[in-house]
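The values are calculated or read from the model by the stated rules, or taken from the named source; none is laboratory data. Since the model is a prediction, treat every value here as computed from it, not as a measurement. A quick note on method: Cβ atoms are made from the backbone with ideal geometry, for glycine too, and the neighbour counts reach across all protein chains shown. Ligands, DNA and RNA are stripped out before the accessible areas are found, and what is left, the full protein with its side chains, is counted by its heavy atoms. Shrake-Rupley method; radii C 1.70, N 1.55, O 1.52, S 1.80 Å.
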Protein chains: 2
Amino acid sequence: MESTFAVIAEPNRRAILSLLAASERSVGEIEHALGMPQPSVSKHLRVLRDAGFVEARVDAQRRLYRIRPEPLLELEAWLAPFRRFWAGHVDALEQRLDRMEPERTDDQP
Amino acid sequence: MESTFAVIAEPNRRAILSLLAASERSVGEIEHALGMPQPSVSKHLRVLRDAGFVEARVDAQRRLYRIRPEPLLELEAWLAPFRRFWAGHVDALEQRLDRMEPERTDDQP
DNA sequence: TGAGTATATAACAAATAACGTATATGCGCG
DNA sequence: CGCGCATATACGTTATTTGTTATATACTCA
């Protein structure tokens, strides 16, 4: 899993990142919040950690994960040259946001 | 190839997009500029077109491809909640840009 | 109309990544 | 020390994707 872009191609990993955008969480909290099996969470966290998207802090037998901005800045940087295509159409962004299907960052009903 | 994110996970497709960011190009121009086989270019363009990243204009027997901003706006939107992690550290972005390995948008020597 | 150029698609092989299950490590507490 | 909880890893399977080669379609111009 080399590139920043490949890492966020995976929907579960994006969900994890979006969840951590709010605040740091333990593996168990992520597991329960996203309703995915624990080994899956750990594996995705491993990929995210290796790519520098997150870092872990030890709290007793738990690991608390939190965002690290660097790789996201790379995304931001890659995106920059395209901004001119929608500069001026500021509301296009809002319209798009409205129509977007929301990423799951929560428990399912 | 469902998601916007999966589409740009592929380095050649990012190279094509970056090339088109400058101006519209024919398939042959892309092929020659990036040094990749024509069927490969066509196939990637197909994926990009299906995902709405580009559109084609017919010019005699050539197709001229150009950027469409919508999917990139989705990226931009997804990124938005993370901006707070580097807001204020504006120079972090520039440092990152400096250290980034450049995407190939040109002929190789 | 026939040759040539530009682009698209088909078909197959190879590589990669994701998931599930089972198991290992690590820490704290009785 | 040994049990239990929290997290990590190994392994086998399956599915998806990419590159490659060959061929099809489409348009232009002599």
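Residues in segment B:2-14 include at least one that is open to solvent by 70 Å² or more (accessible area, probe 1.4 Å) and within 14 Å of chain A (Cβ to nearest Cβ). Of the conditions (1) at pLDDT 95 or above; (2) closer than 30 Å to residue A:70 by Cα, residue B:40 satisfies every one except a single condition; which number is it? Condition (2) is where residue B:40 drops out. Of all residues in segment B:15-48, those that are of a type in the set (Lys, Arg) and surrounded by fewer than 16 Cβ atoms within 10 Å (Cβ to Cβ) total 2. The residues in segment B:4-41 that are more than 14 Å from DNA strand C (Cβ to nearest atom) and of a type in the set (Lys, Arg) can be counted, and the count is 1. Could you check how many residues of segment A:42-51 are more than 8 Å from DNA strand C (Cβ to nearest atom) and closer than 18 Å to residue B:78 by Cβ? So the answer is 2. Of the residues B:97, B:79, B:64, the single one that is surrounded by fewer than 19 Cβ atoms within 10 Å (Cβ to Cβ), modelled with pLDDT of 95 or more and within 30 Å of residue A:23 (Cα to Cα) is B:79.
If the condition is being free of Cβ contacts under 8 Å to residues at least 24 places away in the same chain, under 23 Å from residue B:2 (Cα atoms) and either assigned to a strand (DSSP E or B) or more than 13 Å from DNA strand D (Cβ to nearest atom) (or both), then segment B:12-63 contributes B:49, B:52, B:55, B:56.
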